[in-house]
Amino acid sequence: MSSEGRAPGLLLVLSAPSGAGKTTLAHRLRAEHPDAVFSVSATTRAPRGAEREGVDYHFVSRARFDELVAQGAFAEWADVHGHRYGTLRATVDEALRAGRIALFDIDVQGGEQLRRAYPRDAVTVLVLPPTLDELARRLRGRSTDSDEVIARRLAAARAEVARGLASYEYVVVNEELEVALAALQAIAAHERARRAGRTDAAAAAIAARCLRAVADLRAWAP
C-alpha cells in the first residue's frame with residue numbers, strides 16, 4: 001500500500017493492575033489486526049522460562065542500559081522491582097513509519113512518559129476489572145501467594161489505578177472480554193481515523209463512552 005493510502009501509525013498504550021486481563025486483551029487485538037505489533041522492551045532482568053531475545057524482550061546488561069539512557073535512546077524507561085525496563089525510540093519510530101498499531105503493555109509511569117515523548121501519536125488506555133473486590137478474587141484464584149503478598153499487590157494496584165485515573169485518556173472496564181475487546185478496537189479505529197482526517201462515527205461513539213471524563217468509575221472511587 002502506498003504511504004498516501006496507508007492508515008497512520010498509532011501507539012496504543014495499555015496499562016492495568018495485575019489481574020485486569022490486559023495481556024489477554026492485547027493478544028486478542030493483535031490477532032485480529034494484521035498491522036498491529038507488540039512493542040518489545042529492553043530490560044536488565046534475566047530471561048524467564050521460554051522468553052526469547054528480540055521476541056519477548058531485548059535483554060541487556062545494566063551497564064548497556066545505562067549507556068542507552070545516556071544516549072537518549074529510550075522513549076520511556078523505569079526501574080521496576082530492582083530491574084530496568086524501557087522502550088527504545090527506534091522501535092517506536094519504525095512502527096510509526098510503517099503505519100502500524102504498536103501495542104505497549106507497560107505501567108502508568110511508562111505510559112505517561114511515552115505520551116509526553118509522542119503527544120500526537122500515543123493514546124493511553126487504562127484497563128480495569130469491574131471492582132477492587134473482583135481484582136482481589138482474580139489474584140487469589142490464580143496465585144498460591146500468601147494473603148500478605150496479595151494484600152501488597154492490591155495496595156500497589158490501588159496506587160497504579162489512582163495514577164492512571166488522574167492522567168490516562170481512556171478507561172476500559174474488562175467485565176466481559178468480548179465487550180472490552182470491542183471497546184479497545186473502537187478506540188484504535190477512532191484514533192486512527194481522527195489522525196487521518198476522517199470520521200468513523202460508530203467507533204467514535206463507542207470511544208466517547210470510554211473517555212475517562214465520562215466513564216462510570218463509581219466502583220473505583222476512593
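The values are calculated or read from the model by the stated rules, or taken from the named source; none is laboratory data. Bear in mind that the values here come from a model prediction, so they are computed numbers and not experimental data. Cβ sites come from the backbone with ideal geometry, for glycine too, and all protein chains shown count toward neighbours.
Observations on the structure shown:
- Every condition in (1) surrounded by 13 or more Cβ atoms within 10 Å (Cβ to Cβ); (2) part of a loop (DSSP other than H, G, I, E, B); (3) small (Gly, Ala, Ser) is met by Ala42 except one, and the failing one is (2).
- Matching residues in region 12-21 - criterion: being out of contact with any Phe, Trp or Tyr (no Cβ under 6 Å at 6 or more places or on another chain) and either modelled with pLDDT of 90 or more or at positive phi (or both): Leu12, Leu14, Ser15, Ala16, Gly19, Gly21
- Subset of region 87-105 [in contact with a helix residue (DSSP H, G or I) (Cβ under 6 Å, 6 or more places away or on another chain) and of a type in the set (Gly, Ala, Ser)]: Ala102
Condition check ((1) within 16 Å of Arg209 (Cβ to Cβ); (2) more than 14 Å from the chain's Cα centre (by Cα); (3) modelled with pLDDT under 85) across all residues:
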{"site": "Leu139", "(1), (2), (3)": "no, yes, yes"}
{"site": "Ala162", "(1), (2), (3)": "no, yes, no"}
{"site": "Ala166", "(1), (2), (3)": "no, yes, no"}
{"site": "Glu176", "(1), (2), (3)": "yes, yes, no"}
{"site": "Val179", "(1), (2), (3)": "yes, yes, no"}
{"site": "Ala182", "(1), (2), (3)": "yes, yes, no"}
{"site": "Ala186", "(1), (2), (3)": "yes, yes, no"}
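- Some residue of region 106-126 being charged (D, E, K, R), in contact with a helix residue (DSSP H, G or I) (Cβ under 7 Å, 6 or more places away or on another chain) and closer than 15 Å to Gly164 by Cα: yes
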